[in-house]
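A.B. asks: This is the structure I want to talk about, given as structure tokens.
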Amino acid sequence: MYKKLLRENTIRIPPEYLGEDINETIELLTHLNFEGKMDNKNNLTVLVTNIDKLGQGKIVHGDGAVYQMVKYEALVFEPQLHEIVYGTVCEILKFGAFIRFGPLDGLLHISQIMDDHIDVDIENERLVGKESKRDLKVGDRVRARIVSISINERNPRESRIGLTMRQPGLGKIDWLDDEYSNEQKGGTEGAEKPAKRPRDRGRRR
């Protein structure tokens, strides 16, 4: 889930940046300090905009750097348990597939792909259903649900997020499109024709 938040925080301006344009320095360091970082609420900051300096900076004795309060708007991504996400298969492994959704990757374990035994074709980067012949490969678009979250705050890209597609309405987008088309055809072909209105055999008045 993406959210836009208004935040205030402190950045450290090292001595070597002093003497440069203060506004450009603050903008550069705010981007470097917060973009791509995870906060204590599992929000990954994707983008920082509208950066403003708040008050005067403070110099800490023995440090030499300036500590400056800043206000900014943060576009953040927060994965939520049971949330439905759209993503793209970015890697196929013997034990499943990695799905990239937003700025993070989630693991779709081989047991959570479909109700079918799955053959692994590593050479062609595919996972293939033995009975259904449905396949999942790199580049495929999918709809999945988050079933587990373990966030790595130091390195968000190493976070462990578990996904499933073994629920109604989930799966590879092509599979879902085919299912919808079959349902539409079945509904049309199986529909009963409306009964003809019986003729009035009585005497006309």
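Where a number appears in this text, it was derived from the coordinates with a stated rule and is not lab data. Just so you know, these numbers come straight off a predicted model, no measurement behind them. For neighbour counting, all protein chains shown are included, and Cβ atoms are generated from backbone atoms with ideal geometry for every residue, glycine included.
A.B. asks: List the lysines whose alpha-carbon lies under 26 Å from that of LYS3, not counting same-chain residues fewer than 8 positions away?
C.D. replies: Result set, ordered by chain and number: LYS37, LYS41, LYS53, LYS71.
A.B. asks: A further question on this structure: Could you give the length gained by full extension between GLU16 and ASN182, i.e. 0.36 nm per residue of separation minus their alpha carbon distance, to one decimal place?
C.D. replies: 53.2 nm
A.B. asks: Also: What ranking do ARG157, ARG134 get, fewest neighbouring Cβ atoms within 10 angstrom at the top? If you can, show how the numbers build up before the last one.
C.D. replies: Values: ARG157 10, ARG134 18.
Least crowded to most crowded, the residues run ARG157, ARG134.
A.B. asks: Tell me the label-point distance for the pair SER111, HIS82, using the 7 Å Cα-to-Cβ offset, in nm and rounded to one decimal.
C.D. replies: Output for this residue pair reads 2.2 nm.
A.B. asks: Here's another thing I want to ask about it. Please compute the alpha carbon radius of gyration of the chain, then divide it by the globular-protein estimate 2.2 N^0.38 Å. Two decimals is fine. Intermediate values should be presented prior to the final figure.
C.D. replies: Details: Rg = 27.5 Å, N = 205, 2.2 N^0.38 = 16.6 Å.
Taking N as the residue count of the chain, the ratio is 1.66.
A.B. asks: Do you know the relative contact order of the chain, to the nearest whole percent, from alpha carbon pairs under 8 angstrom that are 6+ apart?
C.D. replies: On the way: 387 pairs, mean separation 34.9, N = 205.
In percent, rounded to a whole number, it is 17.
A.B. asks: If you take every DSSP beta bridge whose two residues both sit in the chain, what share of them, in percent to the nearest 5, is antiparallel?
C.D. replies: Details: 53 of 55 bridges.
Bridges in the chain that DSSP calls antiparallel: roughly 95 percent.
A.B. asks: Just from the alpha-carbon atoms, what are the Rg and Dmax of the stretch 84-188 in angstroms?
C.D. replies: In Å, with Rg to one decimal and Dmax whole: 14.3, 55.
A.B. asks: Divide by every residue of the chain the summed helix terms, -39500 (n - 2.57) for each DSSP H run of at least 4, and state the resulting mean residue ellipticity at 222 nm, rounded to the nearest 500 deg cm²/dmol. Mind showing how you got there, number by number?
C.D. replies: Working: 2 runs with 30 residues, N = 205.
Dividing the helical sum by the residues of the chain leaves -5000 deg cm²/dmol.
A.B. asks: Placing one identical point scatterer on every Cα of the stretch 2-77 and ignoring solvent, what is log10 I(q)/I(0) from the Debye formula at q = 0.12, 0.18, 0.26 Å⁻¹?
C.D. replies: Taken in order of the listed q values, log10 I(q)/I(0) reads -0.34, -0.70, -1.20.
A.B. asks: List the lysines whose Cα lies under 29 Å from the Cα of LYS185, skipping any in the same chain that are fewer than 8 positions away.
C.D. replies: LYS130, LYS133, LYS137, LYS172, LYS193, LYS196
A.B. asks: Follow-up question, since we're still on this one. Arranged by the count of other C-beta atoms within 10 angstrom, fewest first, what order do GLU131, GLU73 take?
C.D. replies: Details: GLU131 9, GLU73 14.
Listing GLU131, GLU73 from fewest to most nearby Cβ atoms yields GLU131, GLU73.
A.B. asks: Using a simple spin-label model with points 7 Å from Cα along the Cα→Cβ vector, what separation in nm is obtained for LYS130 and ASN152?
C.D. replies: Calculated label separation equals 3.4 nm.
A.B. asks: Output the 0 to 90 degree angle, nearest 10, between the alpha-carbon long axis of helix 173-189 and the longest principal axis computed from the alpha carbons of the chain.
C.D. replies: 30 degrees
A.B. asks: Would you mind calculating the relative contact order of the stretch 80-153 from Cα pairs under 8 angstrom and at least 6 residues apart, reporting the percent as a whole number?
C.D. replies: Over the stretch 80-153, the number comes to 37 percent.
A.B. asks: Taking H placed 1.01 Å from N in the peptide plane, check which residues at least 5 places from LYS37 or on another chain put their amide H under 5 Å from its amide H.
C.D. replies: Excluding prolines and chain starts, which carry no amide H, the hits are THR45.
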